[in-house]
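Report on the following structure.
The values are calculated or read from the model by the stated rules, or taken from the named source; none is laboratory data. Worth saying up front: this structure is predicted, and the values here are computed from it rather than measured. Cβ sites come from the backbone with ideal geometry, for glycine too, and all protein chains shown count toward neighbours. Areas reflect the complete protein model, heavy atoms only, side chains present, ligands, DNA and RNA absent. Shrake-Rupley method; radii C 1.70, N 1.55, O 1.52, S 1.80 Å.
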Amino acid sequence: MHLWRRLFPQTLKYRLFSAFAALLLLPLCVAVLFLFRHFESIRQQDMMERMSERMQQVSTSLTDMMAFAYKTHIMLNQDEGLVRIIFQPDLYDPLERKKVVESKMSGINNSFFFHQTELYFKLIDLQGNVYTSYAPMDRLINSQEEFADWKERLEAGPYAYQWVSNDLNDVYYGQDGKLLSLYILLDDPQRGTYGLARISIQVQEWLNSTLKNSFTNQDLLIMNGDGEIVTQSGENGLNLALFRDRAASEGAKGYYKDGSLSRLVNYNYLEELDWYVVNQASLDELLKELLRLRLLFFTILGILVLVFVWVTFFLASRMTEPLRLLQQGMEEASDKKLRVKIRIGSGATREVLSLGSSFNAMIDSILELIQKLKQEERQKQAVRFQMLLTQMNPHFLLNTLNTVKWMARKEKQEPIAGICTSLGLILEASLNSEIELVALEQEIRLLRSYESVQAFRYQERFKLNYELDPGVSYALVPKLSLQPLVENAIVHGLDSCTGDGLIRVSAWPSGKRLILEVEDNGIGMEKAALKPARRSRPGIGLSNLKERLQLLFQGEAELAVDSGPEGTCIRISLPLLVATPYDGKGEDGRVDGILGGG
């Protein structure tokens, strides 16, 4: 513990740094790390969704190709001319027969012009004559045995067709790889079985066509149920043993993460073909950009932390060193019988310099008072204390009101909280001495805040009506000019009124002047003067307002009072000034008309 205190003394400088580190640096690092992990999870989930979309695209394309093959079989059976040639080949010249059949197959293929992968037809009639829509690798020979073999196999099977996923590729100009072929008998209700059709798809050609517009860095492969690769794009990095385990446990469709190979794997099983369509993506490639971004960010963060530590110590030293000198001077004051002066360097902050100057001035004053009137020492100190109190920042009142407001809300005293809010707005406006003129709508907001306070006090014994011309909403008026007039109307005119009090606040333009008017239905100024005073000090509302109007408008503003036995009306006439952002753009052109604009 002693070593810890020597390394980190319990001084303001180290406490400031510890607070910054605990409340800013540490939460920032934890938040960034959490965000990176969250972003990594989002990226991985996004990649899985894109892989699923690609898998769905491939599966849909393959299903479409198989559907086209079935549709081709229907078109072959519906072409009467083709059926007659295949059913009775002896009635036609061999060359003419071959030419017509190939033309028919070409026409069927062309009807699928919007499909990117070509279908390859091979037809065998009852006599073993072979017709193809492609140039075969070998010379065509009589295939009557092949026809008989397939007829027997298909008639014995559960379906009148059979898909062969690894059929021999006999296309002369075709790509490497096997064919996906549909073997199906050609039947006619009147003629019966009259031939065999093989409708084939080059799997590699289909795969390249399907993936040619794909820009994702993913590897796709198709393999059969025995684990043999039918076709693939990219490298095959599949862990076959793990894949079989996951496929057995998750079913015909699923995805998983291969941690040993750092890969995401998505697969779909096609039962009709006994094929697995497998999509793979490297996690290293997926997260490479994120890792670079993380490294760059933490490098920059480390540099910023070092700079922050240095700047924090530097600023803390600049702040605490003058305070240490001030503390030392205060500790020496009693020992040296107040014969001490604090010398603070010019690099200190304004507040510390002010403290040092105030301390030196205080010491000088105390010494002078001791020398002159020791008997009045206590009285002088009390006066000095009162002087210091009067120099306190008035914003303390705002903070206090805010505290009361939240305490009231905590206790569910909403009226008290509302009063604190309204009073805070009025007090804040009164403390802002830099602004003397405000827009009329802002002055009305302050007046409404005052109204809410007085309404609570007088229990709704009076009512304020506002008659304001919209064209003067942004006209400039002296700050807090209407509030003292309304206050006089409430306190002096309506306080003793037996009926319901009514105060009317009006504002309208008159040429190039703005007219403000506050009128009440109270007892009048003469009767109010006869009442005993409720305050120990005289009222300053009207006199203060008259002086402010004189200072602000140099005699161009007027304040008139018209009081009778049943009410008082106070009218203010001052130059019509519009706030700059709204000059020449009054609502519905009304201010423009007032100022003589076009």
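Does segment 19-39 hold any residues that are open to solvent by 50 Å² or more (accessible area, probe 1.4 Å) and modelled with pLDDT under 75, and which are they?
Residues satisfying the conditions are F20, L24.
Restricting to segment 476-520, give me the number of residues that are open to solvent by 50 Å² or more (accessible area, probe 1.4 Å), farther than 14 Å from E451 by Cα and either part of a strand (DSSP E or B) or at pLDDT below 85 (or both).
Of the residues in segment 476-520, 8 are open to solvent by 50 Å² or more (accessible area, probe 1.4 Å), farther than 14 Å from E451 by Cα and either part of a strand (DSSP E or B) or at pLDDT below 85 (or both).
Any idea which of (1) over 20 Å from S61 (Cα atoms); (2) surrounded by fewer than 16 Cβ atoms within 10 Å (Cβ to Cβ) is the one S111 doesn't satisfy?
(1)
Please list, ordered by first then second residue, the pairs with beta carbon atoms under 9 Å, 6 or more apart or interchain, first in segment 54-77 and under 21 Å from N266 (Cβ atoms) and touching a residue at least 12 places away in the same chain (Cβ under 8 Å), second of a type in the set (F, W, Y) and open to solvent by 60 Å² or more (accessible area, probe 1.4 Å).
Partner pairs satisfying both residue conditions: M55/Y255.
Filter segment 70-102 down to the residues that are outside any helix (DSSP H, G or I) and within 18 Å of I124 (Cβ to Cβ), then identify the one that is modelled with the lowest pLDDT.
Of segment 70-102, the ones outside any helix (DSSP H, G or I) are 79, 88, 92-93.
Still in the running and within 18 Å of I124 (Cβ to Cβ): 79, 88, 92.
On the way: D79: 83, Q88: 86, Y92: 87.
Ranking the qualifying residues of segment 70-102, first place goes to D79.
Pairs only if they're at least six apart or on different chains, beta carbon under 7 angstrom, first in segment 137-153 and under 19 Å from E102 (Cα atoms), second open to solvent by 60 Å² or more (accessible area, probe 1.4 Å) and among the hydroxyl-bearing types (S, T, Y); list them, first residue then second.
M137/Y172
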